Each structure stands twice: as structure tokens, then as C-alpha cells.
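To start, the structure under review is shown below, and the notes come after it.
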Amino acid sequence: MERDARLFKVLSDLTRLKLMVILTVSGEACVCRLTEAMGLSESMVSRHLGVLRANGLVKARRQGTWMHYSVLTPQTGAMKHLSRYFVTELSNGSGMTQVFKKLSKSSCETGRRADD
């Protein structure tokens with residue numbers, strides 16, 4: 001039960017919750033794309049991703065100068081249920097539609113939006 005309490009505490013922050021929804025739906029994203037999609041500073045996004053990583057929810061890989069994050073395979077029943085909830089419910093509401101539109105238009109390779 002303590003593990004679940006830590007999980008809910010980590011996800012009680014709106015930024016971290018949105019990051020988990022994005023990563024669960026998109027599979028993987030780099031910090032620059034997440035920054036642009038969420039309209040936040042790189043340091044703020046990186047800090048929240050660090051908390052998610054420290055709590056065993058996401059993993060990171062480096063590709064050149066970019067850090068790419070993805071969700072780890074859920075280890076608890078609570079996280080398995082939450083992952084489904086992120087996809088079926090949270091990804092379609094609460095302003096997430098706009099975030100996903102921005103995410104689809106962002107591009108790290110050029111440092112510009114994909115449609116520019």
C-alpha cells in the first residue's frame with residue numbers, strides 16, 4: 001500500500017500527470033518536444049521527468065544531444081489500471097487535445113515545428 005501511496009503522490013502534480021499521459025499515449029518523446037507541447041521551460045519539464053524517473057515510472061535514453069523518455073512497463077496493478085485510464089479517459093480531455101496537437105507539430109531534429 002505504501003508503494004501505491006507514493007505513486008499517487010508523484011502523480012498528484014498536474015505537470016507530472018500530463019507527462020505520464022503524453023508518454024503513455026505517444027510511446028516516447030524527447031524533452032524538447034514535451035517542452036514545446038506543454039508550453040513549459042525545459043528545466044521544469046526535465047525536473048518533473050526526473051521525479052518520474054526516480055520513482056520508477058519512466059526511463060530515459062540519450063540520442064545525440066536529446067534525451068528521450070518513455071514509460072516503463074507497469075510494475076503494480078495500480079499502474080496498469082492507471083495506464084489504461086490515461087489512454088481511454090485523460091488523453092481525450094482536460095486540455096490534452098491541444099497538447100497532443102502541439103506535440104505532433106514539434107520536431108527536435110530541425111529545432112523547428114514540423115509544419116514550418
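The values are calculated or read from the model by the stated rules, or taken from the named source; none is laboratory data. Every value quoted in this text rests on a predicted model; they were computed, and no experiment measured them. Cβ sites come from the backbone with ideal geometry, for glycine too, and all protein chains shown count toward neighbours. For the accessible areas, the whole protein counts, side chains as well, though only heavy atoms, and no ligand, DNA or RNA atoms are used. Shrake-Rupley method; radii C 1.70, N 1.55, O 1.52, S 1.80 Å.
Of the residues making up segment 1-52, those that are touching a residue at least 60 places away in the same chain (Cβ under 8 Å), of a type in the set (Val, Ile, Thr), open to solvent by less than 40 Å² (accessible area, probe 1.4 Å) and in contact with a Ser or Thr (Cβ under 7 Å, 6 or more places away or on another chain) are VAL21, THR24. For segment 1-37, a tally of residues being hydrophobic (A, V, I, L, M, F, W, C), under 10 Å from the mean Cα position of the chain (by Cα) and closer than 16 Å to GLY93 by Cα returns 7. Just give me the residues in segment 1-16 being aliphatic (A, V, I, L, M) and farther than 13 Å from LEU49 by Cβ, in sequence order. Once the filter is applied, which keeps residues that are aliphatic (A, V, I, L, M) and farther than 13 Å from LEU49 by Cβ, segment 1-16 yields MET1, ALA5, LEU7, LEU11, LEU14. Scanning segment 55-74 for residues that are of a type outside the set (S, T, N, Q), open to solvent by 90 Å² or more (accessible area, probe 1.4 Å) and in contact (Cβ under 8 Å) with a residue 12 or more places away in the chain yields LYS59, TRP66.
The residue that is most open to solvent (accessible area, probe 1.4 Å), among those in segment 75-102 that are within 28 Å of ARG3 (Cβ to Cβ) and of a type in the set (A, V, I, L, M, F, W, C), is VAL87.
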